[in-house]
Amino acid sequence: IRTILTELQRIASHLLWLGTHALDIGALTPLFYCFREREEILKIFEKYCGARLTTHAFRIGGLQYEAYDTLEKDVERFCQAFEPRIKDYEDLLTQNRIWLGRTKGVGILKAADAIALGATGPVLRASGVKWDIRKAMPYAAYDQYKFEVPVGTTGDTYDRYMVRMEEMRQSRLICLQAIENIPTGPIMAKVGKVLKPPPGEVYHSIEAPKGELGYYVISDGTVQPYRVRIRPPSFVNLQSFDYMVKGHLVADVVAIIGTLDIVLGEVDR
């Protein structure tokens, strides 16, 4: 269930990115198309936990809520309808001469530079680096499912677009596999209301839609953490922006920063 929810969230995130990115470059129609499909995902979230955006289902030791009766059918229905929708997006953009002119060869980030700058997620993979935490250090149920890690070749704005388009296809395939393998049994382990971890430190990260989202926690043996540090993908990916805009027009700045898919609130924090 965790894997299904996170992959649906990945699709929803990419749809929001695609619609607004296309709008920034001058294409209005994809925004309506993308929000149409995103709405169906938010309906599933709302039926599951009562919230459309702040899905608060995960807990240490399991989940807060049991899957509702038609969860599998709702996810399958969305996935089946979503496949031709992706083709609709590509019919509008992938070979569109205006789209190609605004994205091809614009904002190139080479693999070595992406690694040196700490870029992760689609930004890193578009530069040709095949690194995905779901494959490299599997968590949740990702080691049980078959999926590909899309990569680009030139690391330009167009490649970052293509990588995210393929990621939506792969997320759809993961969801279809996951709904066939939801086991029976309890959704929550017996965990005390107050956790008292032993002294030490740990860093754990996941492959969030925008890149690596990591948490570094230090424990001094009490119920309160000695220190917590969050590694957000938007803040780290943003430093590559300076490298990508040099030599381009001011109009290209909008296209380049759009493919970083940043959240300014996260950067400000």
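The values are calculated or read from the model by the stated rules, or taken from the named source; none is laboratory data. A quick note: this is a predicted structure, and the numbers were derived from the prediction, not measured. Cβ placement follows ideal geometry from the backbone for every residue including glycine, while neighbour counts extend to all protein chains displayed. When the accessible area is computed, the model is the full protein with side chains, heavy atoms only, and any ligands, DNA or RNA have been set aside. Shrake-Rupley method; radii C 1.70, N 1.55, O 1.52, S 1.80 Å.
Observations, loosely collected:
- Checking Ala119, Ala27, Ala112 one by one, the residue that is of a type in the set (A, V, I, L, M) and open to solvent by less than 10 Å² (accessible area, probe 1.4 Å) is Ala119 and no other.
- Among the residues making up the stretch 252-269, those that are closer than 21 Å to Met162 by Cα and in contact (Cβ under 8 Å) with a residue 12 or more places away in the chain are Asp252, Val254, Ala255, Ile256, Ile257, Gly258, Thr259, Leu260, Asp261, Ile262, Val263.
- Unmet criterion (only one of (1) surrounded by fewer than 16 Cβ atoms within 10 Å (Cβ to Cβ); (2) at negative phi) for Thr103: (1)
- Top-ranked residue of the stretch 156-174 - restricted to ones that are more than 12 Å from the chain's Cα centre (by Cα) and basic (Lys, Arg), ranked as farthest from Arg134 (Cα to Cα): Arg160
- Qualifying residue in the stretch 228-236 (condition: of a type outside the set (A, V, I, L, M), buried (at least 17 other Cβ atoms within 10 Å of the Cβ) and closer than 17 Å to Val106 by Cβ): no
- Exactly one residue out of Ala67, Ala81, Ala22, Ala57 is open to solvent by less than 80 Å² (accessible area, probe 1.4 Å), among the small types (Gly, Ala, Ser), out of contact with any strand residue (DSSP E or B) (no Cβ under 8 Å at 6 or more places or on another chain) and modelled with pLDDT under 95: that is Ala67.
- Scanning the stretch 175-221 for residues that are among the basic types (Lys, Arg) and either more than 20 Å from the chain's Cα centre (by Cα) or exposed (fewer than 10 other Cβ atoms within 10 Å of the Cβ) (or both), we see that the one that is farthest from Val267 (Cα to Cα) is Lys190.
- The sole residue among Glu76, Glu83, Glu72 that is charged (D, E, K, R), within 21 Å of the chain's Cα centre (by Cα) and more than 20 Å from Val163 (Cβ to Cβ) is Glu76.
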